[in-house]
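Worksheet: the structure to be examined is printed underneath.
The values are calculated or read from the model by the stated rules, or taken from the named source; none is laboratory data. If you're wondering where the values come from, they're calculated on a predicted model, not measured in any experiment. Cβ sites come from the backbone with ideal geometry, for glycine too, and all protein chains shown count toward neighbours. Just the protein is used for accessible areas: all its heavy atoms, side chains included, with ligands, DNA and RNA removed. Shrake-Rupley method; radii C 1.70, N 1.55, O 1.52, S 1.80 Å.
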Amino acid sequence: MNETWVDLPVSTDATRDETTAEISSIASLSLNVLPCIAALGMACLLLAGCAMGPDFEKPTAPDVSDYTAHPLSTTVASANVAGGDAQRFAKGVDISADWWTLFHSKPLNDLIEQSLAKNPDLKSAQAALSAARENVLAQRGAYYPSVTGSFSASRQKQPGSLAPVPNNNAFLYNLFTPQVSVSYVPDVFGLNRRTVESLQAQAEQVRFQMIATQTTLTANVVLTAVQIGSLQMQIDATHQLIDINSNMLQILQYQLAKGSVGGLDVAAQESQLAQVKAALPPLLKQLAQQRDLLAVLAGVFPSQAPAEKFELSSLQLPQELPLSLPSELVAQRPDVLQAEANMHAASAQIGVAIANRLPNIELTANAGSTALAIGQVFKSGLGFWGLGADLTAPIFQGGKLLHQERAAKAAYVQAAEQYRSTVLTAFQNVADTLAALEQDAEGLKAAAAAADAAKVTLDLSQRQWRDGYANYLSLLSAEQAYQQASINLVQAQANRYADTAALFQALGGGWWHRADLAQDKNEK
């Protein structure tokens, strides 16, 4: 066996001087490099404090003092009519969270509470909010280093003509490698921060959508209950009209038998009775449909519809209506706040698009050990480690990133205009509802007067006809007028209740006073 000897250098004064000089050179180089490394680290920390793109600024409230060209104070009153009380608009007064209790109807209050607890649309919106918030928390994980662990085990056979092989010269061996890897992407240009900011704004968007769903739900329950009460009163009025016309037909048939009237009068009354009866099935259909809708709003099947009967006479019309200041409306309407959150998300996306055009830095480190036996993986001398830094920057992508940035800016302009449109629509809703309330009061007063006059006319026409002072055509006309006046009166009463509920919805619904939603408001 041949042995190879390696001559070791002999230590002399010259070699010692060269070694000392080399050590000094390395030390000097280290002293020069360390400040550079420290400066580079400090620069990264300073750069990490800024984020590309514009910082979102909350839109200012519109500079308007009133909702309508002619401010309203109090509506007219109608005496001796359900829902005929005068209503006063209290400017600057806040809305209560449970505004529907102002109608003083326990069945209505219970039904709304059931709807808030069981309505599937509301539960779906709440689940969507939870998902959006989890997405925000998931993206926040990019702020921290990523640590992964791995373990690999393999059995290998190397051909004798290849190298390297383990130092025991075995060509068939096992290899066990446990390893820990760490990677970190410094947020130098704010890519992660702007992404989190955008997701947070999107979560706010979903939150206000959920609030809008709840506000709409409560208003729809009230409106549906009012509609049910209105339809029930119209059905009752129609039944009364059927009784009146049936009695008149019996009288005419008796008089026909006596020869006092002709067959034309009887035929006309039969036609009038048939018309009144024909008006009943559509009302019954609408009532059934509204009851089915109320059941679905409450989160139950139509066959499980609430047994309560809502009558307009059992509802108390709120006499003082809170009217938020115009400057406060944009902070109360969930649809306006949702549009604002959408604009915020679009603003953050501009920063994301700009940061995507800038260099990206990734720091990596790994450590582990490699052994030929599983029991040796943690022995000394078998470990390895590595440090690295990667810098990547886009050079040419065919204008893709530039146009994405321009698209993000255009999307922000779109969101800003959508916000402005939503604000204008919100003010329009309030103005329309205020005008409706004013005209509803006038309409109810006129409808009540018309109904009273029609009833007096009908009574006089019936008396004159029996006494022979009036012909049957005048009586028929009086019956038709009374029928229409009765229906108009019921509809006018329902309009006051419905538009009162619509005003609370148009002003935001008082959601900021609900404990569950107020807590969310503080968690931004």
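Annotations
- Hits in the range 291-304 (condition: open to solvent by less than 40 Å² (accessible area, probe 1.4 Å) and farther than 14 Å from Gln232 by Cβ): Ala295, Leu297, Ala298, Gly299, Val300
- When Leu323 is tested against (1) open to solvent by less than 70 Å² (accessible area, probe 1.4 Å); (2) of a type in the set (A, V, I, L, M); (3) modelled with pLDDT of 95 or more, just one condition goes unmet, and that condition is (3).
- Selection within the range 190-212 - open to solvent by 30 Å² or more (accessible area, probe 1.4 Å) and among the hydrophobic types (A, V, I, L, M, F, W, C): Leu191, Leu199, Val206
- Residue within the range 233-241 that is out of contact with any Cys (no Cβ under 6 Å at 6 or more places or on another chain), part of a helix (DSSP H, G or I) and more than 28 Å from Leu297 (Cβ to Cβ) present: yes
- Residue pairs whose Cβ atoms lie under 6 Å apart, sitting 6 or more positions apart in sequence or on different chains, and linking a residue in the range 129-149 that is closer than 14 Å to Val182 by Cα to a partner that is of a type in the set (Val, Ile, Thr), are Pro145/Val182; Val147/Val182; Gly149/Val180.
Table: residues versus (1) over 21 Å from Ile361 (Cα atoms); (2) in contact with an Asp or Glu (Cβ under 7 Å, 6 or more places away or on another chain); (3) open to solvent by 60 Å² or more (accessible area, probe 1.4 Å); (4) β-branched (Val, Ile, Thr).
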{"position": "Asp390", "(1), (2), (3), (4)": "no, yes, yes, no"}
{"position": "His403", "(1), (2), (3), (4)": "yes, no, yes, no"}
{"position": "Tyr419", "(1), (2), (3), (4)": "yes, yes, no, no"}
{"position": "Gln428", "(1), (2), (3), (4)": "yes, no, yes, no"}
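- Subset tally (residues that are among the polar types (S, T, N, Q) and touching a residue at least 60 places away in the same chain (Cβ under 8 Å)) for the range 108-128: 4
- The residues in the range 449-461 that are in contact (Cβ under 8 Å) with a residue 24 or more places away in the chain and surrounded by fewer than 21 Cβ atoms within 10 Å (Cβ to Cβ) can be counted, and the count is 5.
- Screening Leu264 against (1) farther than 30 Å from Val221 by Cα; (2) buried (at least 16 other Cβ atoms within 10 Å of the Cβ); (3) at pLDDT below 95 leaves a single unmet condition, (2).
- Positions within the range 494-518 being in a helix (DSSP H, G or I), open to solvent by 10 Å² or more (accessible area, probe 1.4 Å) and out of contact with any Ser or Thr (no Cβ under 7 Å at 6 or more places or on another chain), in sequence order: Asn495, Ala498, Trp512, Ala515, Asp516, Ala518
- Among the residues listed as Ala142, Ala90, Ala77, Ala153, the single one being surrounded by fewer than 19 Cβ atoms within 10 Å (Cβ to Cβ), in contact with an Asp or Glu (Cβ under 8 Å, 6 or more places away or on another chain) and assigned to a strand (DSSP E or B): Ala90
- Only a single criterion out of (1) open to solvent by 40 Å² or more (accessible area, probe 1.4 Å); (2) more than 26 Å from Ala86 (Cβ to Cβ) is not satisfied by Ala345, namely (1).
- Selected residue [open to solvent by 40 Å² or more (accessible area, probe 1.4 Å) and under 26 Å from Trp511 (Cα atoms)] from Ala257, Ala288, Ala307, Ala331: Ala331
- Screening Asp121 with (1) out of contact with any Leu (no Cβ under 9 Å at 6 or more places or on another chain); (2) farther than 30 Å from Thr364 by Cβ; (3) open to solvent by 80 Å² or more (accessible area, probe 1.4 Å) gives one miss only, at (1).
- Close pairs (8 angstrom Cβ cut-off, 6 or more residues apart or separate chains): under 12 Å from Ser347 (Cα atoms) in the range 190-203, of a type in the set (Phe, Trp, Tyr) and outside any helix (DSSP H, G or I) anywhere: Glu197/Phe56; Ala201/Phe56
- Condition check for Thr364: among the β-branched types (Val, Ile, Thr) and either open to solvent by less than 20 Å² (accessible area, probe 1.4 Å) or over 23 Å from Asp187 (Cα atoms) (or both): no
- Single unsatisfied condition, Val336 versus (1) open to solvent by less than 10 Å² (accessible area, probe 1.4 Å); (2) among the aliphatic types (A, V, I, L, M); (3) at pLDDT below 95: (3)
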